[in-house]
1. Compute the acute angle (0 to 90°) between the alpha-carbon long axis of helix 162-192 and the principal axis of greatest extent of the alpha-carbon atoms of the chain; round to the nearest 10°.
2. In whole percent, what relative contact order does segment 14-184 give with Cα contacts below 8 Å and a gap of six or more residues?
3. What does DSSP give for segment 14-184 in terms of the percent of beta bridges that are antiparallel, rounded to the nearest 5?
4. How far, in nm, would the chain grow between GLU66 and ASN148 when pulled straight, counting 0.36 nm per residue and subtracting the alpha carbon separation?
5. Multiply the residue separation of ASN168 and ILE114 by 0.36 nm, subtract the distance between their alpha-carbon atoms, and state the gained length in nm to one decimal.
6. What percent does the relative contact order of the chain come to when contacts are Cα pairs within less than 8 Å and at least six residues apart?
7. For SER254, put the label point 7 Å out on the Cα→Cβ axis and report which residues of segment 283-299 keep their amide N under 18 Å from it.
8. What is the projected area of the convex hull of the Cα atoms of segment 194-315, averaged over all directions, in nm²?
Amino acid sequence: MSSFNHLTLPCCYFPTEIMLIDDHPAMFDNLRFALSSPMKNETNAKKALETLLAYQPSISDARWLEMDDPAGFWDGTYNKPVLVNIKNMLAIQSLPERVKDISIIIVDYEMPEIDGLTLLQALRDKPFKKILLTGKGSHTLAVNAFNNGLIDQFLQKDEPDLPQKLANTIIRLKRQYFSDLSKKTMELLAEEQPVFNDLQAATYFYNTLKQLDMKELYLLDMNGSYLIKSKSGKNHYFLLYTTEYIDRLIEYASEDFVPENVIDLIRAKKSVPYFGEDRPYWKMNGKDWASHLHPLSEVTQNHYSFYVALFEKEAEFRIKGD
């Protein structure tokens with residue numbers, strides 16, 4: 001889908017706000033109809049700077065990354081283990097404040113009280129992405145600011161197709177905003193589950209997001225599975241499994257009184273059980289597995305295979321009639 005490339009897996013994605021800082025109100029009117037994201041407008045640069053200096057996003061990776069210090073495994077300085085709390089990750093979807101977070105600010109260079117680059121310099125350490133609108137006289141300054149990492153993009157304010165170029169830039173930078181938010185988390189998960197670094201799995205995943213018209217996205221487990229919320233209001237589970245994970249599932253099922261016919265379906269990679277969010281298989285009664293099976297499909301790309309179950313959330317507890 002257009003909101004992501006095929007190289008970056010985020011651990012979450014949800015609607016966010018954009019702020020335009022421009023002393024000409026007409027610019028806001030020209031842009032807001034071309035953009036799909038909610039946009040705030042501030043015509044007073046000093047007031048905007050005061051607001052943004054105090055700004056802290058409601059959602060950061062501190063919500064789902066937890067420190068763990070089991071005795072004997074932490075030296076007190078550098079090696080404190082970090083855990084990913086999936087339950088806290090999923091809880092983000094119920095927080096109304098998440099959609100008020102600012103992912104991008106758009107700043108005009110030429111403003112009477114403070115120029116755009118000075119404002120952006122003061123906000124250098126803030127997490128939102130930064131776009132500078134320039135005139136011909138400020139083009140060189142914008143190039144230098146981009147090369148120095150002060151801004152993420154600059155656009156000529158007098159370009160006739162500015163709204164469309166800005167809309168495309170916002171799509172790309174929103175993707176990058178969530179990639180940055182997810183970076184530490186995905187690095188941790190990739191240490192245990194290489195699928196998070198697998199280009200073929202990511203390509204298949206993003207094609208699925210495009211088909212489902214994704215609006216929100218939340219990591220569902222440590223395997224690379226997600227809860228996907230579409231713009232139409234439907235919710236889907238995208239479960240991604242490797243052969244190694246399925247083998248572990250079979251081994252556990254064999255010791256937990258799971259019916260043989262159910263184990264045979266899993267072994268044949270035709271079905272996989274899913275019990276709902278925060279309900280791992282090792283907490284479930286083996287006799288109940290049959291009523292939580294969902295069809296499993298093999299995906300093979302460039303001689304690499306993984307397995308996917310995709311279904312609507314409302315079908316979570318559908319009973320399989322075998």
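What follows draws every value from the coordinates through simple rules; no lab data is involved. Fair warning: this is a prediction, and the values are worked out from it, not measured in the lab. FYI the Cβ positions are ideal-geometry reconstructions off the backbone, even for glycines, and counts take in every protein chain you see.
1. 40 degrees
2. Details: 239 pairs, mean separation 39.5, N = 171.
Once normalised by length, the contact order is 23 percent.
3. Values: 3 of 21 bridges.
Roughly 15 percent of the DSSP beta bridges within segment 14-184 come out antiparallel.
4. Values: separation 82, 0.36 × 82 = 29.52 nm, distance 3.30 nm.
Residue separation times 0.36 nm, minus the Cα-Cα distance, leaves 26.2 nm.
5. Working: separation 54, 0.36 × 54 = 19.44 nm, distance 2.74 nm.
Going from the current span to full extension adds 16.7 nm.
6. Numbers: 513 pairs, mean separation 55.7, N = 322.
Computed over the chain, the figure is 17 percent.
7. Output list for this probe position: 286-287.
8. Numbers: hull surface 29.3 nm².
So the mean shadow area of the Cα hull is 7.3 nm².
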